[in-house]
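Step one of this worksheet: look at the structure below.
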């Protein structure tokens, strides 16, 4: 997940993509256990905490990002993620936030593994809020930071969680860190209450 590359620019970037905070506040209890996946330096984790959420955990594969976040927001629980496997049990979280994370994972295989891990740690009936830069057609490119990126179509992003039900999504105007106008895809999707797991008898 390019953690080494992000370590090199961790002190230089100021992320700016927003989540749909108002809708999140309406939908998700302040007592919910929330995972901020790919938290960077904890910007969204801090925003959620300041909004009244009492159990927010941020994880990121960049050591330097986590170090920056711990200095900026010393009260936040921010965890360095070593590899792609989340160090949490199944059904550990009520909600997961993914903000400008998939954009930074150009590999479709890695994206699939991330989606599978998020699904594993999310409780049945739990909600994932996606906020990602998007485009009508998927495109890969090298960002101004020199890092590979991928803008996806809304359908490509939704298909990562094909087993989830989508109860709100929209494409809204956004601005990149370099100030360019673009679009972002915001979605609220729910994991099924009844997991389709049928044990086979030997």
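Structure data summary
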| read-out | value |
| --- | --- |
| Label-zone membership for segment 17-39, site residue 123, 7 angstrom Cα→C-beta point, backbone N under 14 Å | 28-35 |
| Structure-based [θ]222 nm, the chain - -39500 (n - 2.57) summed over DSSP H runs of at least 4, per residue, nearest 500 | -7000 deg cm²/dmol |
| FRET E, pair residue 163, residue 5, Förster distance 35 Å, beta-carbon r, rounded to 0.05 | 0.65 |
| Additional length obtainable on full extension of the chain from residue 153 to residue 116, 0.36 nm per residue less Cα span | 11.4 nm |
| Virtual paramagnetic centre 7 Å along Cα→Cβ of residue 13, amide N under 12 Å, in segment 83-102 | 99-102 |
| Bridge type composition, segment 3-190 - antiparallel percent by DSSP, nearest 5 | 55 percent |
| Label-point gap, in nm, between residue 26 and residue 137 - each point 7 angstrom along Cα→Cβ | 3.5 nm |
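A short reminder: the numbers here are calculations on the coordinates, not readings from a lab. These numbers come from a predicted model, not from an experiment. Positions of Cβ are generated from backbone atoms using ideal geometry, with glycine treated the same way; all protein chains shown enter the neighbour counts.
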